[in-house]
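I have placed the structure first, in the form of structure tokens, so that the comments after it can refer back to it.
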Amino acid sequence: MKTESDLRSLRVTHRGPVAEVQLLGPSKGNAMGPDFWAELPRVFAELDAKEDVRAVLLYGSGDNFSYGLDLPGMEPVFRPLLESRGTDARLRSDFRLRIKALQDAVSSVARCSKPVVAAVEGWCIGGGVDVITAADIRVASPGARFSIREVRVGIVADLGSLQRLPGIIGSGATRHLALTGEDFDAARALELGLVTELADDVVARGRELAAQIAANPPLVVQGVKQVLNQGSEAAAQSGLDYVQVWNTAFLPSRDFAEAGRAFAERRPAVFTGD
């Protein structure tokens, strides 16, 4: 088994034709900070280019897939726009490009010509859901839990869940989960079709599926993924472009600032619509 070691937030290992990408953090619960957003697109571009890689397995370290966006770690991204109250046009333009870069990082998983199997254990929240919806197959442990939680912290989810989930679980279920921000368990994820099966040892099952894919003709496998992505990813990109503009205009709000204070103070947020 070969290992690539010049990364901080991800660990890449190779088991024959299957590449394994493990989320490492370094923040608690594999929360997604600056290192993750820089390394994810780089890793998947490199795997895409490697002819000896036929499938990819993506999973978390420790007891969780990911707690989602590392809000303290990413605070410098938000601070300038929030402090300007959205009145500085150059800051808004720069902020839109920052959103686009995060979107492109998630989309690198979908763009990768090699099929990606996501194995979810523990919590998969916010940005974690964005990432697994960009994968081709999702499996989970019986104890896995999910949440499209952005609405609860004053954000319109903007990294792919709102664009890709309707094609996976349907519009009605997506609206229910995205508008409430409620947590849901693995059994419900299976019922909705977010995951295709549950397994006690979900990483082992992910390896089996990735190996099964890798045993098929590689160009045919890549063709299947590209054909399936042809319409869905074009539609997803249109939605991603739209939400870039939406959040650039509306994210710098009193409600978003209140969400940040409430998170830091470990209390429920009180939203006023300002």
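The values are calculated or read from the model by the stated rules, or taken from the named source; none is laboratory data. Quick caveat: nothing in here was measured; it's all calculated off a predicted structure. Using ideal geometry, Cβ is built from the backbone for each residue, glycine included, and neighbour counts are taken over all protein chains shown. Surface accessibility is based on the protein's heavy atoms, side chains included, excluding ligands, DNA and RNA. Shrake-Rupley method; radii C 1.70, N 1.55, O 1.52, S 1.80 Å.
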TODO: Take the Cα of Glu208, step 7 Å along the line toward its Cβ, and report every residue of the range 18-40 whose backbone nitrogen sits under 20 Å from that point.
DONE: 18-21
TODO: Could you list which residues have their amide H under 5 Å from that of Ala55, counting only those 5 or more apart in sequence or on another chain, with H placed in the peptide plane?
DONE: Ala19
Open item on the list: Can you classify the range 174-274 as rounded, prolate or oblate using the Cα gyration tensor, where a ≥ b ≥ c are the square roots of its eigenvalues, rounded means a/c under 1.5, and otherwise it's prolate if a/b beats b/c and oblate if not?
Closed with: oblate
Task: the range 144-191: relative contact order as a whole-number percent, Cα under 8 Å and 6+ apart - done: 57
Open item on the list: Can you tell me, using C-alpha contacts under 8 Å and at least 6 residues apart, the relative contact order of the chain as a whole percent?
Closed with: 18
Task: Between 0 and 90°, nearest 10: helix 34-49 axis offset from the chain longest Cα axis - done: 30
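Mind checking the full-extension length gain between Asp183 and Thr272? Use 0.36 nm per residue of separation minus the Cα-Cα distance, one decimal, nm.
29.7 nm is the gain from fully extending Asp183 to Thr272.
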Open item on the list: How much accessible area per residue does the range 28-165 have, counting only protein heavy atoms and a probe of 1.4 Å, in square angstrom?
Closed with: 37
TODO: Any chance you could check the Cα centroid distance between the range 198-274 and the range 120-145 for me, in angstrom?
DONE: 10
TODO: Would you mind checking which residues have amide H under 5 Å from Val120's amide H? H placed 1.01 Å from N; only 5 or more apart, or other chain.
DONE: Val139, Ala140, Ser141
TODO: Just subtract the alpha-carbon distance of Glu46 and Asp201 from 0.36 nm times their residue separation and send over the number in nm, one decimal.
DONE: 53.0 nm
Open item on the list: Ranking request for peptides 169-180, 36-47: highest mean number of other beta-carbon atoms within 10 Å first, then the rest in descending order.
Closed with: 36-47, 169-180
Task: Whole-percent carbon and sulfur share, accessible surface of the range 7-71, 1.4 Å - done: 46
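Show me 260-270, 181-191 ranked by packing, highest mean number of other Cβ atoms within 10 Å first. Let's see the in-between values first.
Values: 260-270: 11.9, 181-191: 16.7.
For the peptides 260-270, 181-191, the packing ranking is 181-191, 260-270.
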- [ ] Calculate how many DSSP beta bridges within the chain are antiparallel, expressed in % of all such bridges and rounded to the nearest 5.
- [x] 35
TODO: Evaluate the distance, in nm, between pseudo-label points positioned 7 Å from the Cα of Asp63 and of Arg254 along their respective Cα→Cβ axes.
DONE: 3.9
Open item on the list: Let me confirm the definition first: pairs of Lys residues in the chain, 8 or more apart or on different chains, C-alpha distance under 18 Å. How many are there?
Closed with: 4
